[in-house]
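Everything on this sheet refers to the single structure shown next.
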Amino acid sequence: MARTIAKDHDQKRTQILKSAAKVFAEEGFDRASMTKLAGECGISKANIYHYYDSKDAILYDILDSYLSDLRDRIFAVDTEGLGPEDRLRRVIREILRAYKGADHEHQVQISALSALPEEQQDQMRAYQRDMVKLMGSCLHDAAPEVFEAEPGKLRGVTMSVYGMLNWYFMWNSDAEAQERDDYADLVCDLTLKGVRGI
């Protein structure tokens, strides 16, 4: 007889992923054990195996959930009726807002993505490329005269914007929405005024 799925199955999986992200971020993926993960989750080791058969499977689910949700959230930003500069500003704001509460997942992405099999790494990089392309599109539309004259500069500017956002994320993880919006505006203003001078 097939085992029935508990009513709180999805909630428990989410709890496991959140707790595991904390352990992987603080201790390192290689050093983390299923026993440690179970303890952080407040469940037995046998119970954690009911949800995941290995810590590799947990790592994949952390990164797949985090990056696909981040990408989907950014792509869902309503920019209808906005001019190019306001569209860029809205997208940058949404990225910073989406980063809130994802410190551990972001750290796991940086430190442990390479532990996944190559095929799964490619899937994660595809999510990242989608977000880079969206930012590049916003930047291009906001300053077409710059990037059409020198298209090779678009990637560098795009990655520089993400560099500023990731710096803020790493050092101001507890910032509230208004602080994030203010910094998003600063990044947008610096970028738009700067690219027109390069």
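If you check Leu70, Leu82, which single one turns out to be modelled with pLDDT of 95 or more, surrounded by 19 or more Cβ atoms within 10 Å (Cβ to Cβ) and not basic (Lys, Arg)?
Working: Leu82 fails: surrounded by 19 or more Cβ atoms within 10 Å (Cβ to Cβ).
Leu70 is the lone residue from the list that is modelled with pLDDT of 95 or more, surrounded by 19 or more Cβ atoms within 10 Å (Cβ to Cβ) and not basic (Lys, Arg).
Inspect the range 143-158 for any residue being within 20 Å of Ser68 (Cα to Cα) and part of a helix (DSSP H, G or I) and give the result as yes or no. Within the range 143-158, one or more residues are within 20 Å of Ser68 (Cα to Cα) and part of a helix (DSSP H, G or I).
Looking across the range 48-67, not a single residue is surrounded by fewer than 14 Cβ atoms within 10 Å (Cβ to Cβ) and in contact (Cβ under 8 Å) with a residue 60 or more places away in the chain. Within the range 1-79, which helices (runs of 4 or more DSSP H) (wholly inside it) include 3 or more residues that are among the small types (Gly, Ala, Ser) and within 28 Å of Asp130 (Cα to Cα)? Per the criteria, 9-27, 55-75. Within the range 1-27, residues that are of a type in the set (S, T, N, Q) have Cβ atoms under 7 Å from residues that are at pLDDT 75 or above and not in a loop (DSSP other than H, G, I, E, B) in these pairs: Gln15/Cys41; Ser19/Leu37; Ser19/Glu40; Ser19/Cys41, counting only partners at least 6 apart in sequence or on another chain. For the range 92-131, filtering for residues that are within 10 Å of the chain's Cα centre (by Cα) and of a type in the set (Gly, Ala, Ser) leaves 2.
How many residues are in a helix (DSSP H, G or I) and free of Cβ contacts under 8 Å to residues at least 40 places away in the same chain when one looks only at the range 90-110? If you could, list the steps in order and put the result at the bottom.
Step one: of the range 90-110, the residues in a helix (DSSP H, G or I) are 90-99, 103-110.
Subsequent filtering for residues that are free of Cβ contacts under 8 Å to residues at least 40 places away in the same chain retains 90, 94, 98, 110.
Adding up the residues that qualify gives 4.
Return the residue satisfying two criteria in turn: it lies in the range 130-141 and is in contact with a Ser or Thr (Cβ under 8 Å, 6 or more places away or on another chain) and in contact (Cβ under 8 Å) with a residue 24 or more places away in the chain, and of such residues it is farthest from Ala76 (Cα to Cα). Looking at residues that are in contact with a Ser or Thr (Cβ under 8 Å, 6 or more places away or on another chain) and in contact (Cβ under 8 Å) with a residue 24 or more places away in the chain, I get Leu139. Taking the range 175-198 as the range and being more than 13 Å from Arg90 (Cα to Cα) and surrounded by 12 or more Cβ atoms within 10 Å (Cβ to Cβ) as the test, the residues that pass are Ala175, Glu179, Leu190, Thr191, Leu192, Gly194, Val195.
The values are calculated or read from the model by the stated rules, or taken from the named source; none is laboratory data. For clarity, every value in this text was computed on a predicted model and none was experimentally measured. Quick reminder, even Gly has a Cβ in these numbers, built from the backbone with ideal geometry, and neighbours come from all protein chains shown.
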